[in-house]
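Heads up, the thing below is written out as structure tokens.
The values are calculated or read from the model by the stated rules, or taken from the named source; none is laboratory data. Keep in mind that what you see is a predicted model, and the values were worked out from it rather than measured. Ideal geometry is used to build each Cβ from the backbone, glycine not excepted, and the neighbour counts take in all protein chains shown. Ligands, DNA and RNA are stripped out before the accessible areas are found, and what is left, the full protein with its side chains, is counted by its heavy atoms. Shrake-Rupley method; radii C 1.70, N 1.55, O 1.52, S 1.80 Å.
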Amino acid sequence: MAVAIIENDAYERKEYTTERARKNCILSLILRYGVPVMHVVSVYAFMIIGGLFSSYMFDTSMFATVSFAAQLICYVISWYLMCDVRKNRKDYEFGKVLKYLYIIDTILLVIFCIFGTYSVFYTLAHFMK
């Protein structure tokens, strides 16, 4: 009786189809760029509504904090999904494009944070004189 030996890696790759890779890439893209847009819209809408009723200002800041935390979690999940696609389907072009897009996006985000922090401290130092 012959025993079939299946390599574990080859078996897992058959499970990870192109359809699943495409769905993960699209979900990653939505989490990466759709959630921040919804964050901005929801915070501004909540601030406008909260501005009408001045007693709800604490709730507005709490909502913004929770919304920012959700945005950060979605950012990490989008990286995970993209890395999962790249790990299981190295030949999938959509995953390659997302990888470079996310790397460039993160570099620009770090540069923006550095210059933003510098400008805040520069402005504070200027007004302290």
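Data overview
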quantity	calculated
Amide N of the range 92-117 lying under 13 Å from the label point, which is placed 7 angstrom from the Cα of Val76 along Cα→Cβ	none
Within the accessible area of the range 65-129 (1.4 Å probe), percent carbon and sulfur	79 percent
Average accessible surface area per residue within the range 70-120, 1.4 Å rolling probe, Å²	68 Å²
Cβ-Cβ FRET estimate between His126 and Arg86, R0 fixed at 41 Å, reported to 0.05	0.35
Order of exposure, largest accessible area first, which applies to Lys99, Lys129 with probe 1.4 Å	Lys129, Lys99
Computed accessible area, Val40, all protein chains, 1.4 angstrom probe, square angstrom	70 Å²
Order of exposure, largest accessible area first, which applies to Cys113, Cys74, Cys25 with probe 1.4 Å	Cys113, Cys74, Cys25
